[in-house]
Every structure is written in C-alpha cells, then in structure tokens.
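The values are calculated or read from the model by the stated rules, or taken from the named source; none is laboratory data. Since we're looking at a predicted model, the values are computed, not measured. Neighbour counts are summed over all protein chains in view; Cβ atoms, including those assigned to glycine, are modelled from backbone coordinates with ideal geometry.
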Amino acid sequence: MEYVEQQFEKAIRTLVIGQGDIRSRLLMVCEDFYSLQDRNFSDFSAEIKEDWEWIYRQLHRWEPEYKEDGSVRNGSVEVTLKKIKNKTGLNIAKRIYDLRYKIKKFNKPNKF
C-alpha cells in the first residue's frame, strides 16, 4: 500500500510541475502508473478501488492505433489523450489528486 501511495505522490509532482499541457502531463503520470495493477488496490476500501478504476477507464477510453504490420503505433493512453479535451484532462487530474489524499488517509488514518 505504501508503493501505491509513492506512485501517487510522484503523479501529483508531475501534474504540478511537469511541462506541457494537462494531457502531456497525464501521459507522464501514466508512465508512473504503468506498474500499478488492480491487485495493488486489493487491500484498499471499495471507494478507493472505484476511483482507481474510473481513472484507469478514463485514460484507456480508445483502442490503440496499429500499423499495417499489426504492431502498435500509439497505445490506448496516447490515443485517448490526443482525443480528449483539456477540461476532461483536468477532471482526471483532479480525481488523481483527490485519490492521493484518500490513499494517504487510508494508510495513516490517525494523521488526517
């Protein structure tokens, strides 16, 4: 659970000080989230799991683009981030921020 919290701390840092528009920063965040799987959230509350699943679905809305030889040209996240509006990107970023707080509170309930 500490690992998940660390990944969200990195994500917030990227969202706050990363270069580019929100979609570019979300792409960088996805690189940090790449190692996170549903099993990493198995010990968390249902609310945290639902938030994680929402974020994941929002970032993987569209299918990857393929080259003629069948290899991936652009992954699902890249395609999604190219198609969404900046406002949608901001909503995803806000949910990441809010989820980070919930994870911290869950891990250290007496500090919040």
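A search for C-beta distances below 6 Å between a residue of segment 59-86 that is free of Cβ contacts under 8 Å to residues at least 12 places away in the same chain and on the phi > 0 side of the Ramachandran plot and any residue that is assigned to a strand (DSSP E or B) and not charged (D, E, K, R), counting only pairs 6+ apart in sequence or on different chains, returns nothing. Only one of the listed residues (N107, N74) is over 26 Å from S45 (Cβ atoms) and either at pLDDT below 95 or surrounded by 12 or more Cβ atoms within 10 Å (Cβ to Cβ) (or both). That residue is N74. All told, G70 falls short of being of a type in the set (G, A, S) and touching an Asp or Glu at 6+ places or on another chain (Cβ under 8 Å).
Among the residues of segment 35-51 satisfying the criterion of being among the polar types (S, T, N, Q) and surrounded by 12 or more Cβ atoms within 10 Å (Cβ to Cβ), which is modelled with the lowest pLDDT?
Among those that are among the polar types (S, T, N, Q) and surrounded by 12 or more Cβ atoms within 10 Å (Cβ to Cβ), it is N40.
The residues of segment 40-77 that are over 25 Å from L90 (Cβ atoms) and of a type in the set (D, E), listed by number, are D43, E68, D69. Flag not set for D32, criterion: touching a helix residue (DSSP H, G or I) at 6+ places or on another chain (Cβ under 9 Å), surrounded by 14 or more Cβ atoms within 10 Å (Cβ to Cβ) and closer than 17 Å to K105 by Cβ. Filtering segment 14-40 to residues that are more than 13 Å from the chain's Cα centre (by Cα) and either over 20 Å from K82 (Cβ atoms) or in contact (Cβ under 8 Å) with a residue 12 or more places away in the chain (or both) leaves V16, I17, D21, R39, N40.
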